[in-house]
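These notes are about the structure you will find just below.
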Amino acid sequence: MTGPRRRRADPAAADEALIRALYADHGRALLAYAGRLTGDRAAAEDVVQETLVRAWRNLDVVTNGRGSVRGWLFTVARNIVIDQVRARAARPQEVADSADVPAGAGDLADQVVDSVVAMDAMDGLSQEHRSVIEEIYFRGRTVAEAAAVLDIPPGTVKSRSYYALRALRERIEPRSTRQREAAR
């Protein structure tokens, strides 16, 4: 051997160090700016990440010494947000998959049918039973509050709500059973 070997600097390591330095110098300001543009922290973080990826892909622009690096990063971030907004506007609105819908949320059509069935069943109740159900379940009143509003004893509210719910169940359950059988 004729002397110590010269080690060449790894270009990938130098590029990574530059991007880390960019993030250290401008990351917080870039995140705050992207946060104001998007109104969402997670989306802002994605914008910052994409901005740094574009900086890495265009290192010659970042290192050429012309203009402000921060200004270039902010412009790139703004353009990313604009592109995202335009892309969302160009696509039809996304519909949630059934896996994304929380358990028990049901389909809107099912909710409409259920409310129609419930309202139809309510029409079959006596006025006394319907008023108790409306006060307790639709207006959210307690038994004592419903009794005061209806000017009847609390015990009467309880018994009317019991018999009203039983009548509703009898009117609704046969229908839902018939509907399920018809759908098969």
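General remarks:
- Within region 102-130, considering residues that are within 21 Å of the chain's Cα centre (by Cα) and part of a helix (DSSP H, G or I), the one modelled with the highest pLDDT: GLN111
- Enumeration of residues in region 132-184 that are at pLDDT 90 or above and at positive phi: ASP151
- In region 132-148, of all residues being touching a helix residue (DSSP H, G or I) at 6+ places or on another chain (Cβ under 6 Å) and over 13 Å from ALA167 (Cβ atoms), the one that is surrounded by the fewest Cβ atoms within 10 Å (Cβ to Cβ) corresponds to ALA144.
- Listing of helices (runs of 4 or more DSSP H) fully contained in region 1-101 that carry 3 or more residues being at pLDDT 85 or above: 11-38, 41-57, 69-90
The values are calculated or read from the model by the stated rules, or taken from the named source; none is laboratory data. None of the values given here were measured: they were computed from a predicted structure. All Cβ positions, even for glycine, are placed from backbone atoms using ideal geometry, and neighbour counts span all protein chains on display.
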